[in-house]
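**Student:** Handing you a structure now.
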Amino acid sequence: MIEQTQWFERKFEFNFPVGLFPVIVERLRGTISCIEKIVDSLSEEVLCKKINDTWSLKEHIGHLYDLEELWYGRIEDFLSGAEVLRAADLSNTKTNQANHNSKSIQELLIEFNNSRTKLINKVEHIDERTAVHSALHPRLQKPMRLVDSLFFVAEHDDHHLAKMRGILSGKI
């Protein structure tokens, strides 16, 4: 079994062409479908189960929802010409205090879907000049374009989808 690299250990190279923008946006659109497929027909017990003090499936979904505000805010940073993007709460306080396990899976899915739809609506018609605008990512300490920021979000989504599948397969 290959152990999944921890998120904060990931390194990123943002050297792909801006022409991947539509593909990245499509990945972002698809996250909700992937989540729905993972949680379809699962019991409340399975959805809320924590293994080795890690997040449950519901908490992973809630975390993705919790970060939508940050991702949207960073789009606003790019659009306003900010030199440095707003910072994330690296301790995930919002997720750890949200008690996502007390929410229904339908509520979590609706919250995430609504927030993600808002993000997609904000970026889907962005022009190339805007997509290549650059700002400094505060944790990575490297410049990223708006298109890179969206790629970063898609990678973060996939990181948590893989964690969720790992929970279900017993690999976590």
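The values are calculated or read from the model by the stated rules, or taken from the named source; none is laboratory data. A quick note: this is a predicted structure, and the numbers were derived from the prediction, not measured. Every residue, glycine as well, gets a Cβ built from its backbone with ideal geometry; the counts of neighbours run over all protein chains shown.
**Student:** I'd like the full set of residues that are among the charged types (D, E, K, R), under 16 Å from Pro138 (Cβ atoms) and under 15 Å from the mean Cα position of the chain (by Cα), limited to the range 70-104.
**Tutor:** First pass over the range 70-104, keeping only residues among the charged types (D, E, K, R): 74, 76-77, 83, 86, 89, 94, 103.
Restricting the remaining residues to those that are under 16 Å from Pro138 (Cβ atoms) gives 74, 76-77, 83, 86, 89.
Answer for the range 70-104, where residues must be among the charged types (D, E, K, R), under 16 Å from Pro138 (Cβ atoms) and under 15 Å from the mean Cα position of the chain (by Cα): Arg74, Asp89.
**Student:** In the range 103-172, which helices (runs of 4 or more DSSP H) lie fully inside it and hold 3 or more residues that are in contact with a Lys or Arg (Cβ under 9 Å, 6 or more places away or on another chain) and among the charged types (D, E, K, R)? Lay out the reasoning, then the answer.
**Tutor:** Numbers: elements: 105-123, 128-131, 146-169.
Per the criteria, 146-169.
Results for (1) within 24 Å of Asn15 (Cβ to Cβ); (2) surrounded by fewer than 17 Cβ atoms within 10 Å (Cβ to Cβ), shown as yes or no for each residue.
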| position | (1), (2) |
| --- | --- |
| Asp89 | no, yes |
| Lys94 | no, yes |
| Glu107 | no, yes |
| Ile110 | no, yes |
| Arg139 | yes, yes |
| His156 | yes, no |
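**Student:** Continuing with the same structure: Tell me which of these His63 doesn't satisfy, since it passes every other one: (1) outside any helix (DSSP H, G or I); (2) surrounded by 13 or more Cβ atoms within 10 Å (Cβ to Cβ).
**Tutor:** Every condition holds for His63 apart from (1).
**Student:** May I pose another question? Within the range 110-147, work out how many residues are closer than 13 Å to Arg74 by Cβ, touching a helix residue (DSSP H, G or I) at 6+ places or on another chain (Cβ under 9 Å), modelled with pLDDT of 95 or more and not hydrophobic (A, V, I, L, M, F, W, C).
**Tutor:** 5
**Student:** Restricting the search to the range 92-109, which residues are closer than 12 Å to Leu64 by Cα and among the β-branched types (Val, Ile, Thr)?
**Tutor:** Hit for the range 92-109 is Thr95, nothing else.
**Student:** Which numbered condition trips up Ile24, out of (1) within 24 Å of Gln106 (Cβ to Cβ); (2) in a helix (DSSP H, G or I); (3) in contact (Cβ under 8 Å) with a residue 24 or more places away in the chain?
**Tutor:** (1)
**Student:** Which condition does Glu44 not pass, out of (1) farther than 26 Å from Arg29 by Cβ; (2) touching an Asp or Glu at 6+ places or on another chain (Cβ under 8 Å); (3) of a type in the set (D, E, K, R), if it passes all the others?
**Tutor:** The single condition Glu44 does not satisfy is (2).
**Student:** Something else now. Out of all the residues in the range 117-156, which are under 11 Å from Leu28 (Cα atoms) and not aliphatic (A, V, I, L, M)?
**Tutor:** Result: Thr117, Glu124, Phe151, Phe152, Glu155, His156.
**Student:** Let me ask something else about it. State yes or no: is His100 within 20 Å of Phe8 (Cβ to Cβ) and surrounded by 17 or more Cβ atoms within 10 Å (Cβ to Cβ)?
**Tutor:** On the way: within 20 Å of Phe8 (Cβ to Cβ): no; surrounded by 17 or more Cβ atoms within 10 Å (Cβ to Cβ): yes.
No: the conditions fail for His100.
**Student:** Tell me which residues, restricted to the range 121-131, are surrounded by 14 or more Cβ atoms within 10 Å (Cβ to Cβ) and either more than 19 Å from Asp66 (Cα to Cα) or β-branched (Val, Ile, Thr) (or both). Reasoning before the result, please.
**Tutor:** Narrowing the range 121-131 to residues surrounded by 14 or more Cβ atoms within 10 Å (Cβ to Cβ): 122-123, 126, 130-131.
Of everything in the range 121-131, those that are surrounded by 14 or more Cβ atoms within 10 Å (Cβ to Cβ) and either more than 19 Å from Asp66 (Cα to Cα) or β-branched (Val, Ile, Thr) (or both) turn out to be Val123, Ile126, Thr130, Ala131.
**Student:** Please name all residue pairs, on different chains or six or more residues apart, with Cβ atoms under 7 Å, provided the first residue is in the range 138-157 and is of a type in the set (Asp, Glu) and the second residue is part of a loop (DSSP other than H, G, I, E, B) and surrounded by fewer than 21 Cβ atoms within 10 Å (Cβ to Cβ).
**Tutor:** Going by the 7 Å Cβ cut-off, the qualifying pairs are Asp148/Phe14.
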